Amino acid sequence: MKVIVVENYAELSKIAAEMIAEAVTANPNATLGLATGSTPIGCYKLLAEFCQSKRISFAGIKTVNLDEYVGLGKNDVNSYAYFMRSKLFDHIDIDLNNTAIPNGCAEDIVQECLSYEHMLSVLPRDVQILGLGSNGHIGFNEPYTPFDCSTHIAELSSNTIADNSRLFENSDDVPRKAITMGISDILQARKIILLASGANKAQAVYDMVKGKVSPKCPASVLQQHCDCTVIADKSAAALL
Ligand code: GLP
């Protein structure tokens, strides 16, 4: 695991965007694994700028997202489908048919997990972007999720519900379940870039980088990946 500590969020976003731009330039038909949450927003904004200035193109790029809340439709402002359109897809030249996000409103969510898992098996990710939960989760793989799990329905922990409630009108509106790629799916990516920003991530960053590899901190499994780069700002890296 390579750890890059940067001064601030702007620098973190720039380094991440440059790494993704490099991957897209090297392989214009690459498949990217994308994350939501506040942390990648700055990186996505830069990628949109790179695309608008014609430095890179997403015309041949495919994307697969990590997760989606169960019960939120793609036009719900709190859905991750809406997030991806508003933060990235609406501003780049990607073909929306080449973007995949689990359907949180599928009639049969168990079947939706199986279909998503099948799609992942035929669409290996060249680069996977990750954020980090303050409890060490990746995607919605909460503490004690087995490392070998595939796409599944996750029960959100009270910690995650509290963290994510800032984006909802009140905490009762935060869905209690989500469809998420499993840890085994995440590990299949050729390259992983994890972004962590802010003091509330400091303990999780420490456990991920220096702690024992254990399901207690799902992100600690990334120590075993052969090409994982963590980009953390000073506050998130404070305990390293
Ligand atoms: C959610 C997402 C994660 C994300 C995490 C951190 O729980 N499922 O993929 O990494 O939030 O979000 P933020 O970047 O807003 O701190």
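The values are calculated or read from the model by the stated rules, or taken from the named source; none is laboratory data. What you are looking at is a predicted structure, and each value in this text was computed from that prediction instead of being measured. In this analysis, Cβ positions are derived from the backbone assuming ideal geometry, glycine residues included, and neighbour counts consider all displayed protein chains. Surface accessibility is based on the protein's heavy atoms, side chains included, excluding ligands, DNA and RNA. Shrake-Rupley method; radii C 1.70, N 1.55, O 1.52, S 1.80 Å.
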Subject >> Amide hydrogen neighbours beyond the local backbone of Thr151, cut-off 5 Å, H modeled >> reply: Gly182
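Taking the convex hull of the Cα atoms, report for the range 1-127 its projected area averaged over all directions, in nm². Let's see the in-between values first.
Working: hull surface 33.6 nm².
Taking the Cα atoms of the range 1-127, their convex hull projects to 8.4 nm² on average.
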**OP:** Quickly rank 180-187, 207-214, 115-122 as a protection proxy: mean count of other C-beta atoms within 10 Å, highest first.
**Re:** 180-187, 207-214, 115-122
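Taking every eigenvalue of the Cα gyration tensor of the range 143-230, multiplying by 5 and rooting it, what semi-axes result, largest first, whole Å?
Working: eigenvalues 111, 56, 28 Å².
Semi-axes, largest first: 24, 17, 12 Å.
Carbon and sulfur atoms: what percent of the 1.4 Å accessible area of the chain do they account for? Provide the component values of the computation, followed by the final result.
Values: 5410 of 10530 Å².
That fraction is 51 percent.
Under a 1.4 Å probe, what is the accessible area of the chain per residue, stated in Å²?
On the way: 10530 Å² over 240 residues.
That works out to 44 Å² for each residue.
Can you divide the C-alpha Rg of the chain by 2.2 N^0.38 Å and report the result to two decimal places? Please report the intermediate quantities before stating the final value.
On the way: Rg = 16.5 Å, N = 240, 2.2 N^0.38 = 17.7 Å.
It is 0.93.
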Original post:
If one computes P(r) from the Cα atoms of the range 1-46, what percent of pairs lie at distances over 15 Å?
Top reply: 50
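Around Ser235, under 15 Å between beta carbons, what's the net of Lys plus Arg minus Asp minus Glu among the other residues? Write out the running numbers ahead of the final one.
Numbers: positive: Lys201, Lys234; negative: Glu7, Glu11, Asp233.
Combined, the nearby Lys, Arg, Asp and Glu give -1.
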Original post:
Taking square-rooted eigenvalues a ≥ b ≥ c of the alpha carbon gyration tensor, is the range 69-177 rounded, prolate or oblate, where a/c under 1.5 means rounded and, failing that, a/b exceeding b/c means prolate?
Top reply: rounded
**OP:** Within 10 Å, count the other beta carbons around each residue, average over each peptide in 6-17, 63-74, and list them highest first.
**Re:** 63-74, 6-17
Original post:
Can you list residues whose amide H is under 5 Å from Leu130's amide H, if they're 5+ apart or on another chain and H is modeled 1.01 Å from N?
Top reply: Ile193, Leu194, Leu195
**OP:** Would you mind working out the magnitude of the charge dipole of the chain relative to its Cα centre, with +1 at each Lys and Arg C-beta and -1 at each Asp and Glu C-beta, to the nearest 20 Debye?
**Re:** 720
Original post:
In terms of the ratio Rg/(2.2 N^0.38 Å) built on C-alpha atoms, what value belongs to the range 193-240?
Top reply: 1.04
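Taking R0 as 45 Å, what FRET efficiency do you get between Arg190 and Glu169 from their Cβ-Cβ distance, rounded to the nearest 0.05? Working shown, then result.
Details: r = 40 Å, r/R0 = 0.88.
For R0 = 45 Å, the calculated efficiency reads 0.70.
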Original post:
Taking the Cα-to-Cβ direction at Met119 and at Lys216 and moving 7 Å from each Cα, how far apart do the two end points lie in nm?
Top reply: 3.6
Original post:
Cα-based Rg (one decimal) and Dmax (whole number) for the range 19-71, in Å?
Top reply: 12.0, 38
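Between beta-carbons, use under 13 Å as the cut-off and find the net charge around Cys105, counting Lys and Arg +1, Asp and Glu -1. Spell out each step's value before the answer.
Values: positive: Lys74, Lys177; negative: Glu68, Asp76, Glu107, Asp108, Glu112.
Net of charged neighbours comes to -3.
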